[in-house]
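The values are calculated or read from the model by the stated rules, or taken from the named source; none is laboratory data. What you see is a predicted model; the values in this text were computed from it and never measured. In this analysis, Cβ positions are derived from the backbone assuming ideal geometry, glycine residues included, and neighbour counts consider all displayed protein chains.
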Amino acid sequence: MPPAGAGAASLRVLAISHQADAGPGVFADELRARGDSLDEWTLPDDPAPGEPGSYDAVMTFGGSMHADQEDRHTWLADEKRLLGELIEHRVPLLGVCLGSQLVAEAAGAPAERAPEPEIGWFEVELTAEGVSDPLLAPLAPRFTAFQWHSYRSPLPPGAVGLARSPAALQAFRIGERAWGIQFHAEVTARDAIGWAERYEEDERAVEIGLDPEAMVAAIRERIGPWNDLGRALCGRFLDLAGRR
């Protein structure tokens, strides 16, 4: 059987990462399976591998920093400006967790500290608009997602809310080319387990009394089907990007 996307021109995709253990994960697996090319750009230390606007699609991922910490991470302002330019020029864009919050802020909706963090597995429900969204529709009406975030984004002006949990907006679409997802559809077992084992680095994980052994056990039990969902979601995004 040919790989997904066979017969179509290969895509050039840029992945923006903010730390080594929060990169494209299983999304990279899907890209390789399709024969698309992936350039990875780790901020703030690495130079851009190419002009971001020249790529067929751009994805931006998570990190332990927060979207409002420009005083500590001055490069956040530059990334927000870049994402705003990509939105303006209708470059297919997908933000994940912190990346989703940065996309939202670039579109006019600054992220805010959530009253309660979501760390672990939480149910996400699609909105009426999400049920018909080409990226998220196959997940309707609800699914259980792996999350690790203490901030959340309001809905950007003019955007469409696609999914929610009791604690946060979980997905949105800006126009027909840009999406943000709060949940970690990309995360590998190795990275998720690493986060759990180093949970004490996250003050809010400590505050909620996270049990790392229980978290690791849940990850091992659930990660296989979750990674299948993530690869499929990435494939749909790439299909949509290919229609640009």
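Residue count for the range 124-133, restricted to those that are closer than 15 Å to Ala185 by Cβ and either in a helix (DSSP H, G or I) or over 16 Å from the mean Cα position of the chain (by Cα) (or both): 3. Conditions: (1) touching a residue at least 60 places away in the same chain (Cβ under 8 Å); (2) in contact with a His (Cβ under 9 Å, 6 or more places away or on another chain). Ala104 meets all but one. Number of the miss? Only one criterion in (1) touching a residue at least 60 places away in the same chain (Cβ under 8 Å); (2) in contact with a His (Cβ under 9 Å, 6 or more places away or on another chain) is unmet by Ala104, namely (2).
Going through (1) buried (at least 17 other Cβ atoms within 10 Å of the Cβ); (2) part of a helix (DSSP H, G or I); (3) in contact (Cβ under 8 Å) with a residue 40 or more places away in the chain one by one, Asp29 falls short only on (1).
The criterion of at least 2 residues that are surrounded by fewer than 19 Cβ atoms within 10 Å (Cβ to Cβ) and within 19 Å of the chain's Cα centre (by Cα) is met, among helices (runs of 4 or more DSSP H) falling completely within the range 136-244, by 189-197, 212-242.
Does the range 81-93 contain at least one residue that is β-branched (Val, Ile, Thr) and part of a strand (DSSP E or B)? There is no residue in the range 81-93 that is β-branched (Val, Ile, Thr) and part of a strand (DSSP E or B). Suppose we keep only residues that are more than 17 Å from the chain's Cα centre (by Cα) and acidic (Asp, Glu) within the range 59-111. Which one would you say is farthest from Ala192 (Cα to Cα)? Checked the range 59-111; the qualifying residue farthest from Ala192 (Cα to Cα) is Glu88. Among the residues of the range 55-82, just one is in contact with a Leu (Cβ under 9 Å, 6 or more places away or on another chain), over 17 Å from Gln19 (Cα atoms) and either without any contact (Cβ under 8 Å) to a residue 24 or more places away in the chain or among the hydroxyl-bearing types (Ser, Thr, Tyr) (or both), namely Tyr55. Kindly establish whether Pro156 is at pLDDT 95 or above and under 23 Å from Ala241 (Cβ atoms). Considered against the rule, which asks whether it is at pLDDT 95 or above and under 23 Å from Ala241 (Cβ atoms), Pro156 comes out as yes. Can you name every residue in the range 33-60 that is in a loop (DSSP other than H, G, I, E, B) and either within 20 Å of Glu176 (Cα to Cα) or charged (D, E, K, R) (or both)? Result: Asp36, Asp45, Asp46, Glu51, Tyr55, Asp56.
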